[in-house]
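Heads up: the structure comes next, in structure tokens.
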Amino acid sequence: MPDPETPGPKAPDPGTPGPKVPGPKVYGRQASAPGDGDALVVLRGVDKHFGTLHVLRSIDLTIRRGEVVVVIGPSGSGKSTLCRAINRLETIDSGEIRIDGRPLPAEGRELARLRADVGMVFQSFNLFAHKTVLDNVTLGQIKVRKKDRKTAEERARSLLDRVGVAAQADKYPAQLSGGQQQRVAIARALAVDPKVMLFDEPTSALDPEMINEVLEVMRQLARDGMTMAVVTHEMGFARSAAHRVVFMADGRIVEETTPEEFFGNPRSARARDFLSKILHH
Amino acid sequence: MFDFLEGYDLLGAFWVTVQLTFWSALGSLVWGTLLAAMRVGPVPLMRGFGTAYVTVVRNIPLTVIIVFTSLGLFQTLGISLGADRFTTINFRLAVLGLTAYTSAFVCEALRSGINTVPLGQVEAARAIGLSFPQILRIIVLPQAFRSVVGPLTNVLIALTKNTTVAAAIGVAEAALLMREMIENEAQLILISAIFAFGYICLTLPTGLLLGRLAKKVAVKR
């Protein structure tokens, strides 16, 4: 009987412990994802506590340009915190985060500028409630990217068209369905031309019938070559759109591999346990 | 029955009341907003100042503040606020005192409004790269104002009635005229009723109008 810790034919030297293998990893879609030299988001030894709770434990993660990384894991594993740390909505205790080679500034104008390069989509949409859909999407372009109103509106309308809510441009967020709101939120984030998009459980607050319309927009974005980090419970999306799956548990990255490898042949007991709970019910 | 009103400029006195209210309301809206911005801002020194200001000013009787503007600022320190006629000086001092006092209440009303704006709104604004002042000006304060039109109406009505304290430093507003008329005419109840009615005429429409506005501008979530 084969050792369950040994990941089948691709296994390295049996003496080496499976998931902690250093050195180059094998990625299933290496062909479409660029090489290591093009690292866009780099986390090194990132640690964070909430009081006595150690939510991020020396996280090392690199997201390359054009790569789609899906972060999954049980709730409380720190995946949302990780996502929010990348544009400093959460501060970190130690370690380093670099975006496109530049370290994340602590605060002030520099930080604001860098945040514009990192688009974020939230679980609860967070559209500006007192502004119309169109204004939500033009605001960042005008105030941050200093575009004139006409250019911004043209771009906003084309983005709204791209996510399929062009007809709702003059409504207020509260008049839209959850799925429509989330698609507007994606358009709003794209409007400031970010280098990378972060998705923090973008479909978790949606009614089931609206999940797909949002995932479809995200798939399209991935196909267009956007660099994305997606925290989600949508395993179908992880399978079909991710270049790499990062599995987190208890504040650690436990496993980091291709979706085929992760879903077909998870190495760690923690991941197998997680998958058995979500995939067979 | 109303013969005794002859020779008194009732409308003129209430016009001064309206002017006092208007300029003080404008002043305290601006200064109160700045105070609120300081209190929620990231700079510890400003936060400390905002908190100290509100705590101190809110707990001093308005009469003390108004009398101080005249006795302390003008007569002792010689601050005349760019005017040279006594009536203008007193009017401006009264506006200053009322503004200083009322802005503490505006600040607190507004701060409670700021607390009604969900944190997600701020996070989304941060995420698209807006700076703190931009977030406050474009995202937080507009939503906060909309949710505190009601409380601010209360402050405005209180301010309208508080202008009577300006009589203490001789501003010729309605309450001063009332005192004069009560002394000169034997119509105590009637005079009081007239002035009470006058103030209601000012505050009641304000309340109704702003009440309607509050409903209209409320942010739907």
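The values are calculated or read from the model by the stated rules, or taken from the named source; none is laboratory data. If you're wondering where the values come from, they're calculated on a predicted model, not measured in any experiment. Neighbour counts run over all protein chains shown; Cβ positions are idealised from the backbone, glycine included.
At-a-glance table
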{"read-out": "Enumeration of residues in the stretch B:133-178 that are part of a loop (DSSP other than H, G, I, E, B) and either within 14 Å of chain A (Cβ to nearest Cβ) or touching a strand residue (DSSP E or B) at 6+ places or on another chain (Cβ under 9 Å) (or both)", "value": "B:Val148"}
{"read-out": "Number of the condition not met by B:Leu130 [criteria: (1) assigned to a helix (DSSP H, G or I); (2) hydrophobic (A, V, I, L, M, F, W, C); (3) within 14 Å of chain A (Cβ to nearest Cβ)]", "value": "(1)"}
{"read-out": "Condition check for A:Ala33: under 18 Å from the mean Cα position of the chain (by Cα) and at pLDDT below 85", "value": "yes"}
{"read-out": "Pick from the stretch A:100-154, criterion touching a residue at least 24 places away in the same chain (Cβ under 8 Å) and of a type in the set (Ser, Thr, Tyr), ranking: nearest to the other protein chains (Cβ to nearest Cβ)", "value": "A:Ser124"}
{"read-out": "Any hit, the stretch A:214-236, residues being more than 18 Å from A:Gly119 (Cα to Cα), assigned by TED's automatic domain parsing to the domain that holds A:Leu43 and in contact with a Lys or Arg (Cβ under 8 Å, 6 or more places away or on another chain)", "value": "no"}
{"read-out": "Whichever residue in the stretch A:53-88 is more than 23 Å from A:Leu114 (Cβ to Cβ), aliphatic (A, V, I, L, M) and touching a residue at least 24 places away in the same chain (Cβ under 8 Å) and, among such residues, is nearest to the other protein chains (Cβ to nearest Cβ)", "value": "A:Val70"}
{"read-out": "Residue within the stretch B:90-110 that is outside any helix (DSSP H, G or I) and away from chain A (no Cβ under 14 Å) present", "value": "no"}
{"read-out": "Number of positions in the stretch A:114-152 that are of a type in the set (D, E, K, R) and under 22 Å from A:Gly179 (Cα atoms)", "value": "2"}
{"read-out": "Selection count, the stretch A:226-281, where residues are of a type in the set (Lys, Arg) and either assigned to a strand (DSSP E or B) or closer than 28 Å to A:Asp38 by Cβ (or both)", "value": "4"}
{"read-out": "Selection status of A:Thr81, crowded, with 16+ Cβ neighbours inside 10 Å, touching a helix residue (DSSP H, G or I) at 6+ places or on another chain (Cβ under 7 Å) and either at pLDDT below 95 or part of a helix (DSSP H, G or I) (or both)", "value": "no"}
{"read-out": "Residue match in the stretch A:98-105 (condition: in a strand (DSSP E or B) and at positive phi)", "value": "no"}
{"read-out": "Residue selected from the stretch A:164-197 under the condition over 24 Å from A:Val71 (Cβ atoms) and aliphatic (A, V, I, L, M), by the criterion nearest to the other protein chains (Cβ to nearest Cβ)", "value": "A:Ala174"}
{"read-out": "Any hit, the stretch B:125-133, residues being under 30 Å from A:Glu110 (Cα atoms) and surrounded by fewer than 20 Cβ atoms within 10 Å (Cβ to Cβ)", "value": "yes"}
{"read-out": "Residues (without any contact (Cβ under 8 Å) to a residue 24 or more places away in the chain and in a helix (DSSP H, G or I)) located in the stretch B:202-221", "value": "B:Leu204, B:Pro205, B:Leu208, B:Leu209, B:Arg212, B:Lys215, B:Lys216"}
{"read-out": "Output for the stretch A:183-205, where each listed residue is assigned to a loop (DSSP other than H, G, I, E, B), hydrophobic (A, V, I, L, M, F, W, C) and within 12 Å of A:Val121 (Cβ to Cβ)", "value": "A:Ala205"}
